[in-house]
Amino acid sequence: MINARKTIMTITRKLAAVLFLSSSVLGLAHADTIRMATEGAYAPFNFMDNAGKPQGFDVDIAKALCAEMKADCEIVTQDWDGIIPGLMAHKYDAIIASMSITPERQKAVSFTDPYYSNVLAYVAPKDEAFPIAKADLEGKTLGAQRATIAGQYLEDHLGDVANIKLYDTQDNAYLDLASGRLDGLLSDKFPAYDWLKTDEGQGFEFKGDDIDIDDKIGIAVRKQDNALRERLNKALSEIVANGTYAEINAKYFPFSIY
C-alpha cells in the first residue's frame, strides 16, 4: 500500500511538472501574439470585407510588421471614438488605424515612427463651384469625420463662418456629401482618392490645393510599452528597406505615401 502511494505521488508530481512546462510554453506563445486594433471603416486603409474580416493598407502593414518580428498578429476592430480608451484598457496592444501623431494624443499614448504621411483636401461636386477663400465659405455646410485632423481643422479655421457637421465615420460623411446635405467635405486625401473611384464618388472631385499640415501617421502603443514600440520601429525600417512596404503601397496607390 505504501509503495502504491509513493507511485501515485511520483506520477502526480510528473504530471504537475508537465502541465507547468506546457503552460509556460503556451504563455510564451501567447506573449508573442500582438493584438492590433483598427477601425474597419476607413477605406482603403481599413475596412471590412464581405466575410466580415478587416482588410486594407493598415491591416497589410500590421501583418507585414508581425511577420518581420516573427510574431502572431491578431487584428481586431474598434469604433474610432473608443479606440484610444480601448488601448488604455488593455483590450489590445497597439492601434494601427491611420492615426495622426498629435501633441494631444501624445499625452496619452506613444507613437512609432510614421508609416505614412498625409495631406488634407476638399471634395465637392464636379459641376459646382467651390470657393476656397474663407470669406466665400460663409453659410456653407462642410463635413468631416469627428475626432480627426480634418474635423479639427474645420472647427479651428472655418467654425466662425461655415456650418460644420462632424460624423462618427468617414463613410457617413461620404453618404451625406453624396446625398447633397453637404456643400463640401474635408478629408485626408488618400481615402478620398479611393472614394472618388467608386460609383458613389463619380460626380465629385478634389477642389483647390492640398492642405499640407505636416501630418504624420503612426502606430499607437501604451506609454509603458516602449519595448513593443522599438520592435515595431525596427520592423518598419526593415520592411521599407526590403521592398515589402513598396509592394503594399503599390497595391493601393500609384504613388508613394511613405
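Determine, yes or no, whether V123 is in contact with a helix residue (DSSP H, G or I) (Cβ under 7 Å, 6 or more places away or on another chain), β-branched (V, I, T), modelled with pLDDT of 95 or more and farther than 26 Å from I34 by Cβ.
Details: in contact with a helix residue (DSSP H, G or I) (Cβ under 7 Å, 6 or more places away or on another chain): yes; β-branched (V, I, T): yes; modelled with pLDDT of 95 or more: yes; farther than 26 Å from I34 by Cβ: yes.
Against the criterion (in contact with a helix residue (DSSP H, G or I) (Cβ under 7 Å, 6 or more places away or on another chain), β-branched (V, I, T), modelled with pLDDT of 95 or more and farther than 26 Å from I34 by Cβ), V123 qualifies.
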Being surrounded by 17 or more Cβ atoms within 10 Å (Cβ to Cβ) and in contact with a helix residue (DSSP H, G or I) (Cβ under 7 Å, 6 or more places away or on another chain) is the filter here, so list the residues in region 212-221 that pass it.
D215, I219, A220, V221
Reported set for region 17-65 where residues are modelled with pLDDT of 95 or more and among the acidic types (D, E) is E39, D49, D58, D60
Would you please list the contacts, defined by Cβ atoms under 8 Å and residues six or more apart or on different chains, that run from a residue in region 107-122 that is closer than 16 Å to R229 by Cα to a residue that is among the polar types (S, T, N, Q) and outside any strand (DSSP E or B)?
S110/N226; T112/N233; D113/N233; D113/S237
Name the helices (runs of 4 or more DSSP H) wholly within region 31-140 that hold at least 2 residues that are in contact with an Asp or Glu (Cβ under 9 Å, 6 or more places away or on another chain) and surrounded by fewer than 19 Cβ atoms within 10 Å (Cβ to Cβ)?
57-69
Go through region 199-211 and report how many residues are surrounded by 14 or more Cβ atoms within 10 Å (Cβ to Cβ) and either free of Cβ contacts under 8 Å to residues at least 12 places away in the same chain or of a type in the set (A, V, I, L, M, F, W, C) (or both).
3
Within region 143-163, which residues are buried (at least 17 other Cβ atoms within 10 Å of the Cβ) and more than 24 Å from the chain's Cα centre (by Cα)?
L158, A162
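Name the single residue, out of those in region 227-258 being touching a strand residue (DSSP E or B) at 6+ places or on another chain (Cβ under 7 Å) and not aliphatic (A, V, I, L, M), that is farthest from S117 (Cα to Cα).
Step one: of region 227-258, the residues touching a strand residue (DSSP E or B) at 6+ places or on another chain (Cβ under 7 Å) are 228-229, 232, 257-258.
Within this subset, residues satisfying the condition of being not aliphatic (A, V, I, L, M) are 229, 258.
Details: R229: 19, Y258: 6 Å.
For region 227-258, the residue satisfying everything is R229.
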Odd one out for G184, checked against (1) over 15 Å from P44 (Cα atoms); (2) surrounded by fewer than 18 Cβ atoms within 10 Å (Cβ to Cβ); (3) touching a residue at least 60 places away in the same chain (Cβ under 8 Å); (4) not aromatic (F, W, Y):
(2)
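The values are calculated or read from the model by the stated rules, or taken from the named source; none is laboratory data. This is a predicted model, so every value here is computed, not measured. No Cβ is skipped: glycine too gets one built from the backbone with ideal geometry, and neighbour counts run over all protein chains shown.
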